[in-house]
Each structure stands twice: as structure tokens, then as C-alpha cells.
């Protein structure tokens, strides 16, 4: 199977965001760049894409540049078009830049990426002051507010340390080991905790935020 890394970027009126994204991720031979942009006759969008394609032509000759233009106001049509295009490129992994473009276009792209690539993708968002890039995965859309019982377990885990056993959690909470195990399995599915090969559990970043 040919390994294809897909670099997806939304594009608005400014090519600087996707260009910085490409420079951060160093595209190489075999990679594919996909630009998601609104279908419009606005000269600013056309100019931004022209400058971006010129950059790719000058510095990324061995990388394929693709684009998909969508009717942003038609949400379902746009999601269908973006997801179909992503699927057609047969990517084995993807990095997605959502820093530029209309807010609705960003949402449509995120939903399409989640549908097609699930957790094979990494999402990047450059902050407005351009000092930091925040990374996440599409699984952020699956997050749920934990129950009160789950919050108690999370706080107990925080008190016990970095990596903890079911037995120690049950002892601290004075609860049956079997019920703690059952709750931890649910919490793992909800992205609150992770389990290592030895059967010990640790807080995720999402889980830690509730402690």
C-alpha cells in the first residue's frame, strides 16, 4: 500500500496561513496538498490561491496540489464535496490546518475530516497573534461531560499519582473494584483516561481538566 500524507488547509483571503502551515510540516515527495476554499468570484480568494500555488510551484515541485471549491452557505453540500475529495485521495494520514478561511468553511472541513479520516488526522490551529499553534485530533468532537461519579474517580486518580491501579482507586473511594473497573472502561471510551499494557490507568488532558 502506498503511503500518502495529506496536508489539508482551509483558505480565505490570505495565503500566509496555509504557507506557514506547509513550512511547518515540510511536504515531501508523495505528499498531497488539498486546499479547501469557497466557490466565489471574489478576487481576494483567487489572488490568495494564485500566490499559494506559485509558492508550491517554486518550492514544492514534487508535491501534488489539489483544491476543492465549495458553496459554503450550503452546509451539507459543502461537507459532501470536501469529504468526497478527501476520500478520493486515499490518504493514510493527514495534517489539517484550520487557521484561515470563513468560520463556516472551517466547521465544514472539520466535520468532513472527522467523517473520512477519524483519528488518522491531526488538526492544527494557529492563534490570532501567530505566537502559538494548537494541535488536537478530530476525536475532540466526541468529548462528553463526565458524570459526577466519573469526576470523583478522576479526582482520586489525580490524588494517587500519574499512573494508578484499579485496586488503589477502589481503596481510596471505598468502592468495589468491579464497579470501578466498569466505570474506567466507560471513561476510557469517552477520552477521560488511558490504559497502559500493565493495566494501570492515567488521566488524559481532557480528564485532567476536571480535577
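The values are calculated or read from the model by the stated rules, or taken from the named source; none is laboratory data. As the structure is a prediction and not an experimental result, all values here were calculated from the model. Because the Cβ atoms are built from the backbone with ideal geometry, glycine has one as well, and the counts that use them run over all protein chains shown.
Which one of these is under 30 Å from residue 13 (Cβ atoms) and either touching a strand residue (DSSP E or B) at 6+ places or on another chain (Cβ under 8 Å) or in the same structural domain as residue 23 (by TED's automatic domain parsing) (or both): 163, 99, 118?
On the way: 163 fails: under 30 Å from residue 13 (Cβ atoms); 118 fails: under 30 Å from residue 13 (Cβ atoms).
Just one listed residue meets the conditions, 99.
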Fill in the blank from the handout: Subset of the stretch 88-105, residues surrounded by fewer than 19 Cβ atoms within 10 Å (Cβ to Cβ) and either in contact (Cβ under 8 Å) with a residue 12 or more places away in the chain or touching a helix residue (DSSP H, G or I) at 6+ places or on another chain (Cβ under 8 Å) (or both), comes to 89, 90, 92, 93, 102, 104
Problem - the stretch 23-42, subset in contact (Cβ under 8 Å) with a residue 12 or more places away in the chain and part of a helix (DSSP H, G or I), residue nearest to residue 3 (Cα to Cα) - result: 25
Problem - Which listed residue is in the same structural domain as residue 13 (by TED's automatic domain parsing) and surrounded by fewer than 17 Cβ atoms within 10 Å (Cβ to Cβ), from 85, 54 - result: 54
Exercise for the section: Could you tell me whether any residue of the stretch 137-154 is within 25 Å of residue 25 (Cβ to Cβ), at pLDDT below 90, touching a helix residue (DSSP H, G or I) at 6+ places or on another chain (Cβ under 9 Å) and not in a helix (DSSP H, G or I)? Expected result: yes
Problem - Matching residues, the stretch 138-174, being over 19 Å from residue 202 (Cα atoms) and surrounded by 15 or more Cβ atoms within 10 Å (Cβ to Cβ) - result: 138
Handout entry: Odd one out for residue 184, checked against (1) assigned to a loop (DSSP other than H, G, I, E, B); (2) crowded, with 17+ Cβ neighbours inside 10 Å
Key = (1)
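Specify the residue that is nearest to the chain's Cα centre (by Cα); the eligible residues are those in the stretch 36-51 that are crowded, with 19+ Cβ neighbours inside 10 Å and under 11 Å from residue 105 (Cβ atoms). Break it down stepwise before answering.
We begin by selecting, within the stretch 36-51, every residue crowded, with 19+ Cβ neighbours inside 10 Å; these are 36-38, 45, 48.
Subsequent filtering for residues that are under 11 Å from residue 105 (Cβ atoms) retains 36-38, 45.
On the way: 36: 16, 37: 18, 38: 21, 45: 25 Å.
Result: 36.
In this structure, does residue 12 turn out to be in the same structural domain as residue 122 (by TED's automatic domain parsing), crowded, with 20+ Cβ neighbours inside 10 Å and at pLDDT below 95?
yes
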